[in-house]
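The structure under discussion appears below in the form of structure tokens.
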Amino acid sequence: MNRNLLTHSSIRTVLFSVLLILGGWGIVGSLLQVYSSYQHYRQSENLSEWSLLAEELLTAAQHISFERGRTTVVLRGTTTIPASDRAFIDKRRALADSSLKTALDGLVKLPDSGHSELQAQWDNLQRFRMEADRNAEQPLPARDAGLPDRWFGAATDLLQAIQSSVEALVGHFPPGDQNARLSLLAAALLDLRVTSGAEASVVAQLRATGRTPDNAHLLHVYQLRGKEDQLWHDIERLASYTRAVEFQHKIKKVKNHHLSVLRPLQNQTIADLTTQTAPSVSLQKLTVASVPTLDGIAELMTLATDKARRDADEGMSRSRNVLVRNSLVLLMGFLVLILSLRYVLCSIISPLEHVDREVRRLGAIPPSHNDAENEIDRISAATIALEKSLCDRAEAEAKLRQTIEELQTAFEQIKTLKGFLPICASCKKIRNDKGYWEQVESYITSHSDAQFSHGICPDCVQQLYGDLLSKKTSTSIDSTEKT
């Protein structure tokens, strides 16, 4: 800062400027922290909302997967739809529609979320649902043979749209975020659920119709299995990032049932159909065996989405606490700045200004410092001038004391006679205070420090010894003449 500016600025201006600079720096830092914590809170809030949307999408996908498989089996069946299957399908539809509607209401706020495609596929599935319901009520010979494949394709398209929306949601998550990994894990489980459900549905359809599988069917099954194996590998890798041992154990349990229980039954069913031997695995047994695998995958999806949502909620809670704490720090900063300004004004500036006014009023400021500097410089100059004045005064007082002492000494050495002295006109005696007559010498000696030494003046010599002096002079003249 310019020295001249400091020199000629008022102390009020300087102190207020310093306080405002320091306080402003602290407040700006607090504002940045508040802004950063607010952004983090908003991000955590978005993560919580996105995790909830992903959970709703995955929940809807689970129910649609169950609906897809059971409806396909019913449409390819040789009997009318049982009441238990009807109740199962209606329940899955209601749950899927509820979750999907909630997800679509949230996705409409996000760009590139696949909302339009998802809505279109859902509307398309609604039309196929009505067609499937009408077809299921028809006698067996009157049913549409191609409807099961079209229905299965429409449901699969909706599941793929859901999966794309989940991946779009995960794309909004920060890189490396725990919620992103959990959502990716849930998306992989959804893909596995769709793939496993497709395989289970194909094998169940072959078993329900009793047809010998052709090469296209076999190729499709093996492609699905290859994708399943890759998905299991990805799921185990993603699960290792969660550091949840219990979650990893559940994945191994579901995988073991899938590969060691369900798949051997499917292999046996395909082998029986291919060799056209008597089926050793009933359709009910095959369907029942697929339930633990599909339900286990669905449960893993639920666990992943629940954990992602809980983590997001906990992160949002922590971000909220940080935002509140930083806001309180900012408020305290404002309060401290205001109190500091008040303290400086009342305890420093006002007393200095009062002293400055008094110094000006008393005229103690040298002319050269009257308006050139600030209050402290003027007070300093007045202090220096006052110090010099006090030194000069002390020196003058010292000289005065010395003079007084010298005069006192002289006074003590001198006694002055004053007033009327009664003196005899003849003998020149003086009458003292007691009425006695004293010789002049005695009176003066007693009333002063004077001392007398006796002599005789020429007049008295002439008066007293005039004759003697005249004879002596004549004798001297005669002797000279004789000589």
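The values are calculated or read from the model by the stated rules, or taken from the named source; none is laboratory data. Model, not experiment: these values are computed from the prediction. Quick reminder, even Gly has a Cβ in these numbers, built from the backbone with ideal geometry, and neighbours come from all protein chains shown.
Within the range 152-191, the residues that satisfy the criterion of being among the charged types (D, E, K, R) and surrounded by fewer than 21 Cβ atoms within 10 Å (Cβ to Cβ) are ASP157, GLU167, ASP177, ARG181.
Just so you know, in the range 434-456 the residues that are exposed (fewer than 13 other Cβ atoms within 10 Å of the Cβ), polar (S, T, N, Q) and assigned to a loop (DSSP other than H, G, I, E, B) include one that is farthest from the chain's Cα centre (by Cα), and it is SER453. With respect to ASP157, is the statement that it is modelled with pLDDT of 80 or more, charged (D, E, K, R), in contact with a helix residue (DSSP H, G or I) (Cβ under 6 Å, 6 or more places away or on another chain) and not in a helix (DSSP H, G or I) true? No; evaluated as a whole, the condition is false for this residue.
Here THR277 meets each of (1) buried (at least 20 other Cβ atoms within 10 Å of the Cβ); (2) not in a helix (DSSP H, G or I) with one exception, condition (1).
Restricting attention to the range 214-231, does a residue exist that is hydroxyl-bearing (Ser, Thr, Tyr) and farther than 21 Å from ALA180 by Cβ?
We begin by selecting, within the range 214-231, every residue hydroxyl-bearing (Ser, Thr, Tyr); these are 222.
With farther than 21 Å from ALA180 by Cβ added as a condition, the list becomes 222.
Yes, that holds for at least one residue.
For the range 238-248, indicate whether the set of residues that are surrounded by fewer than 18 Cβ atoms within 10 Å (Cβ to Cβ) and within 25 Å of GLN284 (Cβ to Cβ) is non-empty. Looking for residues that are surrounded by fewer than 18 Cβ atoms within 10 Å (Cβ to Cβ) and within 25 Å of GLN284 (Cβ to Cβ), one finds none in the range 238-248, hence no. Among residues that are surrounded by fewer than 17 Cβ atoms within 10 Å (Cβ to Cβ), assigned to a helix (DSSP H, G or I) and either touching a Cys at 6+ places or on another chain (Cβ under 9 Å) or among the hydroxyl-bearing types (Ser, Thr, Tyr) (or both), SER317 is included. Restrict the check to the range 399-421 and report whether at least one residue is of a type in the set (Ser, Thr, Tyr) and at pLDDT 75 or above. So far as the range 399-421 goes, yes, one or more of its residues are of a type in the set (Ser, Thr, Tyr) and at pLDDT 75 or above. If the Cβ limit is 8 Å and pairs must be 6+ apart or interchain, which residue in the range 344-356 that is under 19 Å from SER17 (Cα atoms) and modelled with pLDDT of 75 or more pairs with which residue that is aromatic (Phe, Trp, Tyr) and assigned to a helix (DSSP H, G or I)? Pairs found: VAL344/PHE16. Among the candidates ASP313, ASP272, the residue that is in contact (Cβ under 8 Å) with a residue 60 or more places away in the chain, assigned by TED's automatic domain parsing to the domain that holds VAL194 and in contact with a Ser or Thr (Cβ under 8 Å, 6 or more places away or on another chain) is uniquely ASP313. Among the residues of the range 106-122, are any farther than 26 Å from ARG309 by Cα and modelled with pLDDT of 90 or more? The answer is yes, given that some residue of the range 106-122 is farther than 26 Å from ARG309 by Cα and modelled with pLDDT of 90 or more.
Quick grid of which residues meet (1) under 33 Å from the mean Cα position of the chain (by Cα); (2) among the polar types (S, T, N, Q); (3) over 30 Å from GLN223 (Cα atoms):
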{"residue": "ARG93", "(1), (2), (3)": "no, no, no"}
{"residue": "LYS101", "(1), (2), (3)": "no, no, yes"}
{"residue": "GLU131", "(1), (2), (3)": "no, no, no"}
{"residue": "LEU169", "(1), (2), (3)": "yes, no, no"}
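From the set of residues in the range 261-303 that are small (Gly, Ala, Ser) and out of contact with any Phe, Trp or Tyr (no Cβ under 9 Å at 6 or more places or on another chain), which is nearest to ARG225 (Cα to Cα)?
This residue is SER290.
Only one of these is assigned to a loop (DSSP other than H, G, I, E, B) and either assigned by TED's automatic domain parsing to the domain that holds GLN205 or surrounded by 12 or more Cβ atoms within 10 Å (Cβ to Cβ) (or both): ASP149, ASP112, ASP123. Name it.
The match here is ASP112.
For the range 275-289, filtering for residues that are free of Cβ contacts under 8 Å to residues at least 12 places away in the same chain and under 60 Å from the mean Cα position of the chain (by Cα) leaves 1.
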